[in-house]
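The values are calculated or read from the model by the stated rules, or taken from the named source; none is laboratory data. Quick caveat: nothing in here was measured; it's all calculated off a predicted structure. Cβ atoms come from the backbone with ideal geometry, glycine included; neighbour counts cover every protein chain shown. Accessible surface areas use protein heavy atoms only, side chains included; no ligands, DNA or RNA. Shrake-Rupley method; radii C 1.70, N 1.55, O 1.52, S 1.80 Å.
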Amino acid sequence: MSTEVKARQTARPAVTTPAAPRRKKSPYPYWFYLPAAVIFFVFFVLPTFSSFFFSLTRWTLFDYEFIGLDNYVAFFQEPALVIGLKNTLIYAAVTCGLKVVLGLLLAVLLTSQIVARGFLRSVAFFPVLVSTIGVGITFTVLMHPDDGLINRSLALVGVEGPAWLVDPTFALLSVALVDVWKGVGLATVIFIAGIVSIPREYFEASSVDGASAFRRFWHIILPLSRPAVATVIILSLIGGLRYFDLIWAMTRGGPGFTSDVMASVIFKQYQAGFYGLSTAGNVVLFVLVTVIVFPLNWYFTRREVDL
Amino acid sequence: MRTRKSVWLGLLAVVLFGIVFLVPFAFILFTAAKTRGEAGELQFSLPTNWTLVQNFQDALTARDYLLVIAFINSIVLTVASVAILVVLSSMVAYVLQRRQSRWNGLVNFLVLSGLIIPPAVVPTVWVLQELKLFKTLSGLILIEVAFGLSFCILLFRAFIAAIPRDLDQAAIIDGAGPARLFFRIIFPLLRSVIVTVVVVQSVAIFNDFTNPLYFLPGDENATVQLTVFNFQSQYSTQYNLLFADILLITIPPLLMYMFLNKRIVEGMTAGAVKG
């Protein structure tokens, strides 16, 4: 780093003086952008743009053949792939909704005057930091239909638990529940940060007026932590729409294709060597995320300015 | 009256939180300490014989010390990526925050895009292959940097906004050039946000599974997450070793959390609120 810096300093006057003699040199030079920009363009922007082109080809990485929209036609005609699209939306909606609702409830609980508050906050947040693969494998064992801890415990109270990951109707939902278990801590701390920043006067005024706990939640906490709610919704949608790790660790899209999402479809097609088709899936996911998240983000930031 | 109610509520919360959030971790620990036969029963119970140390040894030495090699790979990956991320993203955030220009709109848009848009997988493999970086650790490091930049830039920018510009002026009057001004004066002042970035990004990159799976396949340079994932199929009958692996990869984030709890929560909420 230091040699580069020295070289820049000595080279600089010779380069800039003749070109722009009148303009004052900024102490904040654009070349500070350069190294980050190069990496970002080569490894993120370039692949993103080229994905539009390669999704229209039959592609071996070394050679390509232009085939128009065939990949997209194939994609939307194959039921196994369309399931992925539907599941992605279900998964994102379920995890996002549960994280907002449960996170908000936990945040209200953990900002009230209860014992062991700090301990409970730490406990709820820790799963956020644990390896997703570790969590996935652990819950795969806990959710075992016969021998798993969850169904054994349910049997003790006389409830027959579902077969979780091996039941086609429950597989995706089971993974979503584990995702919520792992991620609700992050939503909770964001909500806590939002609730703590509400001025105390509101709560004092409401208790003078004799408002019930529920009214306090509905009329003060909820409206005034809107920015936090917006953040959690955006974050969990971004995460949920592209989610891969947990699904791959727990079901690999199975049983059959019943818990396949876009990200796992993309990976499966890549593994099978259908690079063009996989890239088309990537473009579909790109469009999906863009169409959902950018307008939502714009809507939330606009409303914030209004407030 | 009120306090008694809140004590009961608190106790109820402790019990529920214990069941929901701690039992899975206790299950990992107990299973990792059991003998092979006992672990296979998948029971949630204390091990009759604690063989934790033996299991750790077996897990680490399995398949010619594959897990040890994976740990070294993961640590190299994490340290290198985070170091590059800190330097490059603080430079970007600094100019972005200090200099008003017509580029700001574009840069902000790119930062936002980096957060939102899912990376295109196969084209990235293609780029790596063209650069002869596919299946190399350095390639994966550059990928992690490219994907992590946006989040770090947002954290740094928010922090730099709170550093007074008078400081820059004073240094400029004293004759400091741009590089000197940033690396000697501003960068050292960023210490607390650097700690936050380092902690949050190390946990994220150490735990990353998707990117190594795509861009660093193969056993000889696998990362820990990948290794544990592969053990899942091999050790389907040796749950004690599988959970010993899981326990081993849970320890680094746990240590970080115990010492830097506040910083992590701070960083994640601050970055989140801006995103």
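Taking all protein chains in place and a 1.4 Å probe, what share, in percent, of the accessible surface of chain B do carbon and sulfur account for?
Roughly 66 percent, rounded to a whole number.
Put simply, what bits of segment A:24-41 lose 40 Å² or more of accessible area when the other protein chains are there, versus the chain on its own (1.4 Å probe)?
Residues of segment A:24-41 that lose at least 40 Å² of accessible area once the other chains are added: A:PRO27, A:TYR28, A:TYR30, A:PHE32, A:TYR33, A:ALA36, A:ILE39, A:PHE40.
Two decimals is fine: what's Rg over Rh for segment B:6-49, C-alpha atoms, Kirkwood radius as Rh?
Radius of gyration over Kirkwood radius for segment B:6-49 works out to 1.19.
Nearest 0.05, what FRET efficiency do A:PHE52 and B:LEU60 give at R0 = 56 Å with Cβ-Cβ as r?
The pair A:PHE52/B:LEU60 has a calculated efficiency of 0.75.
Just to check, using Stokes-Einstein with a Kirkwood Rh over alpha carbon pairs, what's the diffusion coefficient of segment B:1-91 at 10 °C and 1.306 mPa s in µm²/s?
D, rounded to a whole number, is 92 µm²/s.
Sorted by accessible area (1.4 Å probe), largest first, how do B:THR210, B:THR227 line up?
Highest to lowest solvent-accessible surface, that is B:THR210, B:THR227.
Averaged over its residues, how many other protein chain Cβ atoms are within 10 Å of peptide A:84-93's Cβ atoms?
Partner Cβ neighbours, averaged per residue: 0.
Please report the base-10 log of the normalised intensity I(q)/I(0) for the protein assembly as shown, using a Debye sum with one equal scatterer per alpha carbon and no solvent, at each q in 0.10 (1/Å).
One equal scatterer on each Cα of the protein assembly as shown leads to -0.95.
Accessible area per residue, 1.4 Å probe, Å², for the protein assembly as shown: what's the number?
46
Per the Cauchy relation, a quarter of the hull surface: what is the mean projected area of the convex hull of the alpha carbons in segment A:85-306, in nm²?
Computing the convex hull of the Cα atoms and averaging its projections yields 15.0 nm².
Using protein heavy atoms only (no ligands, DNA or RNA), what is the total accessible area buried between A and B, 1.4 Å probe, nearest 100 Å²?
Chains A and B together bury approximately 8500 Å².
Let me cross-check B:LEU115: its accessible surface, 1.4 Å probe, with only protein heavy atoms counted, in Å² to the nearest 10?
Looks like 40 Å² after rounding.
Taking a 1.4 Å probe, which of A:HIS219, A:HIS144 shows the most accessible area, and what order do the others take after it?
Largest to smallest exposure gives the sequence A:HIS219, A:HIS144.
Could you give the Stokes-Einstein D for segment B:84-132 in µm² per second, using the C-alpha Kirkwood radius, 4 °C, 1.567 mPa s?
100
Take A:SER212 and A:SER112, extend 7 Å from each Cα along the Cα→Cβ direction, and tell me the distance between the two endpoints in nm.
Each label point lies 7 Å from its Cα, and together they span 1.3 nm.
Report, in whole Å, the centroid distance computed from the Cα atoms of segment B:214-238 and segment B:109-174.
28
Sorted from largest to smallest, which semi-axis lengths in Å does the alpha carbon gyration tensor of chain B give for its equivalent ellipsoid, taking the root of 5 times each eigenvalue?
One finds semi-axes of 41, 27, 16 Å for chain B.
How compact and how long is segment B:54-196, expressed as Rg and Dmax of its alpha-carbon atoms in Å?
Using the Cα atoms of segment B:54-196, the pair Rg, Dmax is 19.6, 64 Å.
Largest first, how would B:MET258, A:MET143 line up by accessible area (1.4 Å probe)?
B:MET258, A:MET143
Could you give me the percent of Cα pairs per 10 Å distance bin for segment B:127-275, shortest bin first, beginning at zero and ending with the bin that holds the maximum distance?
Calculated over all Cα pairs of segment B:127-275, the distribution is 10, 27, 28, 22, 9, 3, 1, 0 percent.
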